[in-house]
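Just below is one structure, and these are the notes that go with it.
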Amino acid sequence: MEFQQYPITLIIIIITVLISINAFNDMERKRKWIFYPYRVNYNKEYYRFITHILIHADGMHLAFNMFVLFSFGGLLEQVFVQEFGLLLGSFHFLFLYLVGGIFAATFPYIKNQDNIHYLSLGASGAVSAVLFASIIWLPHGGIYILFIPFEIKAWLFGFLYLGFEYYMSKRGNTGVAHDAHFGGAVFGILYVLIIASYKGQEFINYIIS
């Protein structure tokens, strides 16, 4: 992947990796930046909707999110630039990522704004928005999952993923913000349908065919 082709994706990855690694050893920063719905609600610390995207629980958490972003973000950024031009395409990609992360956090915020014990962090919601935007835009693509030795069609993976995240969100007590994953995915789908509504019909036609 060349930097000049996918600058926004690589800039996001570099910034997130540097800040996350620093926060691993800076508990004060992690405490201030983590998503804490209770403090957002009662202390009006709305900045946490953004800052929690930049920090991660550990190296594995960071590596997984950045790998998925690298795998799908660069491709989606490229098609956005091809579709809308460099400036507008780059804007759409950055907006999708940042607002997707914010939108994803609204689900756990609404549910946990009075829960003094709820905390979450990581870019999973934002990455989920990018992943599902790419699935709607390129449903014919394939996805490989660890320990599954064959390719899964992107559109089929999307349905399975949404079903799993919705079920786990309802189940609760998993230690994972499944509702944020689901929210990010929903935002990614809606954003593509807003900026390129014809992609919805193309997606349906592809599945039917």
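Matching residues to (1) in contact with a Lys or Arg (Cβ under 8 Å, 6 or more places away or on another chain); (2) touching a residue at least 60 places away in the same chain (Cβ under 8 Å); (3) surrounded by fewer than 18 Cβ atoms within 10 Å (Cβ to Cβ):
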| residue | (1), (2), (3) |
| --- | --- |
| 61 | no, yes, yes |
| 69 | no, yes, no |
| 76 | no, yes, no |
| 80 | no, no, no |
| 87 | no, no, yes |
| 98 | no, no, yes |
| 107 | no, yes, no |
Problem set entry | Selected residue (only one of 187, 157, 164, 182 is part of a helix (DSSP H, G or I) and either farther than 17 Å from residue 124 by Cβ or modelled with pLDDT of 95 or more (or both)) | 187
Exercise. Can you spot a residue in segment 38-49 that is buried (at least 16 other Cβ atoms within 10 Å of the Cβ), within 26 Å of residue 194 (Cα to Cα), of a type in the set (Phe, Trp, Tyr) and modelled with pLDDT of 95 or more?
Worked result: yes
Seminar exercise, completed: Exactly one of 6, 38 is of a type in the set (Phe, Trp, Tyr) and farther than 25 Å from residue 92 by Cβ, and that residue is 38
For this session: Could you list all residues from segment 77-131 that are under 23 Å from residue 16 (Cβ atoms), among the polar types (S, T, N, Q) and outside any helix (DSSP H, G or I)?
Result: 120
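Suppose we keep only residues that are among the hydrophobic types (A, V, I, L, M, F, W, C) and more than 22 Å from residue 9 (Cα to Cα) within segment 109-145. Which one would you say is surrounded by the most Cβ atoms within 10 Å (Cβ to Cβ)?
Narrowing segment 109-145 to residues among the hydrophobic types (A, V, I, L, M, F, W, C): 110, 116, 119, 121, 123, 126-127, 129-133, 135-138, 143, 145.
In the following step, the residues that additionally are more than 22 Å from residue 9 (Cα to Cα) were identified as 110, 116, 119.
On the way: 110: 12, 116: 11, 119: 18.
Of everything passing the filter in segment 109-145, 119 is surrounded by the most Cβ atoms within 10 Å (Cβ to Cβ).
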Seminar exercise, completed: When segment 64-83 is checked residue by residue, the ones that are of a type outside the set (S, T, N, Q) and within 11 Å of the chain's Cα centre (by Cα) are 66, 68, 69, 72, 73
Problem set entry | Cβ-Cβ under 7 Å pairs, at least 6 apart or on other chains, segment 20-31 side more than 16 Å from residue 61 (Cβ to Cβ) and at pLDDT below 95, far side surrounded by 13 or more Cβ atoms within 10 Å (Cβ to Cβ) and β-branched (Val, Ile, Thr) | none
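The values are calculated or read from the model by the stated rules, or taken from the named source; none is laboratory data. As the structure is a computational prediction, the values presented were derived from the model and not from experiment. Note that each Cβ is placed from the backbone with ideal geometry, even for glycine, and that neighbours are counted across all protein chains shown.
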